[in-house]
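Asker: My questions all concern the structure below.
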Amino acid sequence: MWKKFNLFFFFVFALHAEDLEVLLPTKAALKPIYLTELHVGEEQIDWRYPEELRSVLAFDLAHNGSSSLTPCRPEWEKKISWPEPRNRFDTAFWSRENIPFVIAVQATQNGFSATAFHIAKGSSKRYPDIRLTGSPEADRRAVHLLADTIQKDLFNIQGVAAERILFSERVKNPSTNGPEWLSDIWIADSDGANAKRLTMAKGYCITPALLPKSIAQIKDEFFYVASDGGQTKIYRSSPRAKNSPMVKLRGSQLLPAITKSGSQIAFISDAAGRPDLFIQNLDGKGEQMGRARQIFSAPFATQASPTYHPDGSKLAFVSDKDGTPRIYVLDVPAPQSTRKPIPKLITKKNRENTSPAWSPDGKKLAYSARTGGVRQIWIYDFETGEERQLTHGPENKENPSWASNSLHLVYNTETNDVCELFVINLNQQEPVQISTGFGQKRFPSWETR
């Protein structure tokens, strides 16, 4: 099914070039937070489930890009007054210990409770109790929302812990009938928990992303590429659009990207004979409006992986038109324009660059590039024109996707048929693995607001 797109996979997995390593500096100092041990009242019988939720909050606070967690100390625990931690709170003590923020957590009859202390301001805030439902999906989401609220209150930065991540998971077909591999779309919390399968394909589903709310027909509607052994097409998950491609165009379609407004979709298609860059205008319901247009092609070249600037005015994409795969940017032509846009090369340090992703603030582009024999995630800064390396280590890294804060990224590794998802942010350049278990996880896409 992929014969016409062998070069696409070359873009994704090729490994040959010599590149210069430039480290990406941390831009913001992390502020220490002391998260207390879980206080359990006498009336609380089973503390294990609330303790799990405390661990969720701890993970979010430790990887939010604003703060770091200070290990618990018995002598510090004694400074918290329970069951009301705001009573006799010793601000001077925490100031002497150089702890700017304290979060006190406890299990109550009403559920899970948190109180935040801002030492410099001498202020505190008791958050509404999270009434536990017993559903890990609902309760963990409530804690993620609490973590985002705390980050907003303490640092005036909107958190992304409550945003979810879509991805595809590839497994061997257990049946002797049909294709060798099957791939379905999944969704999980930002820490990898509550993974849920969204498609039940008998073929191959990849590259999922949520549709903009302006054109989504159902809650959490997503679009993706699928094949049942024939041509690959772009589909949406709405029941009303079942088995009907979003774009009516002959040939295969791959690697779709949609503008934030939902007014246009870009993709790669071989409708003209080789993988070229196309765009298709969409109406207010996400339906095809007019014909798809080929906006870039080059002799003997393959195009791949379009990604839009947040305002939809520009596209970054991959092309090997000048030799090895590089990333180019072009202006999206007006609907009635007949002039072909001229792309501008932006990645110059590395000879093989793939899977670009434009940040929601429009200032950065994340991409994968071969560095010293291993594919790493790099960042291109549009304000400075600099290309900087973000990740390190022996595993190949592919398919970065930004969170809505333009700070966090998710990507997948690709080593010896083991593919897992990792999260990293520009202020904490230590990746955290968020997926485990059976199956090869690829093409992650962060939910953005």
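The values are calculated or read from the model by the stated rules, or taken from the named source; none is laboratory data. Remember, it's a predicted structure, so these values are computed and weren't measured experimentally. Here the Cβ is made from the backbone with ideal geometry for all residues, glycine too, and neighbour counts use every protein chain on show.
Asker: What do you reckon, is Ser67 surrounded by fewer than 17 Cβ atoms within 10 Å (Cβ to Cβ), touching a Lys or Arg at 6+ places or on another chain (Cβ under 9 Å) and either under 23 Å from Ile130 (Cα atoms) or at pLDDT 95 or above (or both)? Spell out the reasoning first.
Answerer: Values: surrounded by fewer than 17 Cβ atoms within 10 Å (Cβ to Cβ): no; touching a Lys or Arg at 6+ places or on another chain (Cβ under 9 Å): yes; either under 23 Å from Ile130 (Cα atoms) or at pLDDT 95 or above (or both): yes.
No: the conditions fail for Ser67.
Asker: Residues that are under 30 Å from the mean Cα position of the chain (by Cα), among the hydrophobic types (A, V, I, L, M, F, W, C) and crowded, with 22+ Cβ neighbours inside 10 Å: which strands (runs of 3 or more DSSP E) entirely in segment 72-171 hold 2 or more of them?
Answerer: 101-108, 111-118
Asker: Which of the residues spanning segment 349-390 are closer than 14 Å to Trp402 by Cβ and either in contact with a Pro (Cβ under 6 Å, 6 or more places away or on another chain) or without any contact (Cβ under 8 Å) to a residue 12 or more places away in the chain (or both)?
Answerer: Ala357, Pro360, Gly362, Leu365, Ala366, Tyr367, Ile377
Asker: For segment 252-263: of the residues being surrounded by fewer than 19 Cβ atoms within 10 Å (Cβ to Cβ) and not basic (Lys, Arg), which is farthest from Gln336 (Cα to Cα)?
Answerer: So the residue we want is Ser261.
Asker: Additional query: Any residue at all in segment 231-238 that is closer than 14 Å to Glu447 by Cα and out of contact with any Asp or Glu (no Cβ under 8 Å at 6 or more places or on another chain)? Even if it seems obvious, please write down each step before you answer.
Answerer: Of the residues in segment 231-238, the ones closer than 14 Å to Glu447 by Cα are none.
Scanning segment 231-238, I find no residue that is closer than 14 Å to Glu447 by Cα and out of contact with any Asp or Glu (no Cβ under 8 Å at 6 or more places or on another chain), so the answer is no.
Asker: Checking Tyr367 against (1) closer than 25 Å to Ser261 by Cβ; (2) surrounded by fewer than 18 Cβ atoms within 10 Å (Cβ to Cβ); (3) of a type in the set (Ser, Thr, Tyr), which test does it fail?
Answerer: Tallying (1) closer than 25 Å to Ser261 by Cβ; (2) surrounded by fewer than 18 Cβ atoms within 10 Å (Cβ to Cβ); (3) of a type in the set (Ser, Thr, Tyr), Tyr367 fails exactly one: (2).
Asker: Going by what's in this entry, would Val102 be described as touching a residue at least 60 places away in the same chain (Cβ under 8 Å), under 23 Å from Thr70 (Cβ atoms) and in contact with a strand residue (DSSP E or B) (Cβ under 9 Å, 6 or more places away or on another chain)?
Answerer: yes
Asker: Answer yes if at least one residue in segment 303-311 is surrounded by fewer than 17 Cβ atoms within 10 Å (Cβ to Cβ) and either modelled with pLDDT under 95 or charged (D, E, K, R) (or both), and no otherwise.
Answerer: yes
Asker: Consider Ala209 carefully, then state whether it is assigned to a strand (DSSP E or B) and buried (at least 17 other Cβ atoms within 10 Å of the Cβ). So that I can check it myself, show each step before the final result.
Answerer: Working: assigned to a strand (DSSP E or B): yes; buried (at least 17 other Cβ atoms within 10 Å of the Cβ): yes.
In short, yes.
Asker: Which of the residues that make up segment 440-449 are surrounded by fewer than 22 Cβ atoms within 10 Å (Cβ to Cβ) and either hydrophobic (A, V, I, L, M, F, W, C) or modelled with pLDDT of 95 or more (or both)?
Answerer: Answer for segment 440-449, where residues must be surrounded by fewer than 22 Cβ atoms within 10 Å (Cβ to Cβ) and either hydrophobic (A, V, I, L, M, F, W, C) or modelled with pLDDT of 95 or more (or both): just Gln440.
Asker: With the checklist (1) touching a residue at least 24 places away in the same chain (Cβ under 8 Å); (2) surrounded by fewer than 20 Cβ atoms within 10 Å (Cβ to Cβ) in hand, flag the one item Leu277 doesn't pass.
Answerer: Here Leu277 meets the rest and fails (2).
Asker: Sticking with this one: Give just the number: which of (1) under 27 Å from Lys348 (Cα atoms); (2) surrounded by fewer than 23 Cβ atoms within 10 Å (Cβ to Cβ); (3) hydrophobic (A, V, I, L, M, F, W, C) does Ala272 not satisfy?
Answerer: With (1) under 27 Å from Lys348 (Cα atoms); (2) surrounded by fewer than 23 Cβ atoms within 10 Å (Cβ to Cβ); (3) hydrophobic (A, V, I, L, M, F, W, C) applied to Ala272, the lone miss is (1).
Asker: Okay, moving on. Could you check how many residues of segment 244-293 are more than 12 Å from Thr232 (Cα to Cα) and of a type in the set (Val, Ile, Thr)?
Answerer: 4
Asker: Can we say Thr259 is modelled with pLDDT of 95 or more and touching a Gly at 6+ places or on another chain (Cβ under 6 Å)? Can you show your working first?
Answerer: Values: modelled with pLDDT of 95 or more: yes; touching a Gly at 6+ places or on another chain (Cβ under 6 Å): yes.
Considered against the rule, which asks whether it is modelled with pLDDT of 95 or more and touching a Gly at 6+ places or on another chain (Cβ under 6 Å), Thr259 comes out as yes.
Asker: Return the pair list, or none, for Cβ contacts closer than 6 Å from residues in segment 173-193 that are exposed (fewer than 13 other Cβ atoms within 10 Å of the Cβ) to residues that are outside any loop (DSSP other than H, G, I, E, B), at least 6 apart or on different chains.
Answerer: Here the result reads Trp181/Arg170, each pair linking segment 173-193 to a residue that is outside any loop (DSSP other than H, G, I, E, B).
Asker: May I pose another question? Report yes if Gly284 is crowded, with 17+ Cβ neighbours inside 10 Å, in a loop (DSSP other than H, G, I, E, B) and within 26 Å of the chain's Cα centre (by Cα), otherwise no.
Answerer: Spelling it out, it is not the case that Gly284 is crowded, with 17+ Cβ neighbours inside 10 Å, in a loop (DSSP other than H, G, I, E, B) and within 26 Å of the chain's Cα centre (by Cα).
Asker: Taking Lys121, is it farther than 24 Å from Asn427 by Cα and touching a residue at least 12 places away in the same chain (Cβ under 8 Å)?
Answerer: no
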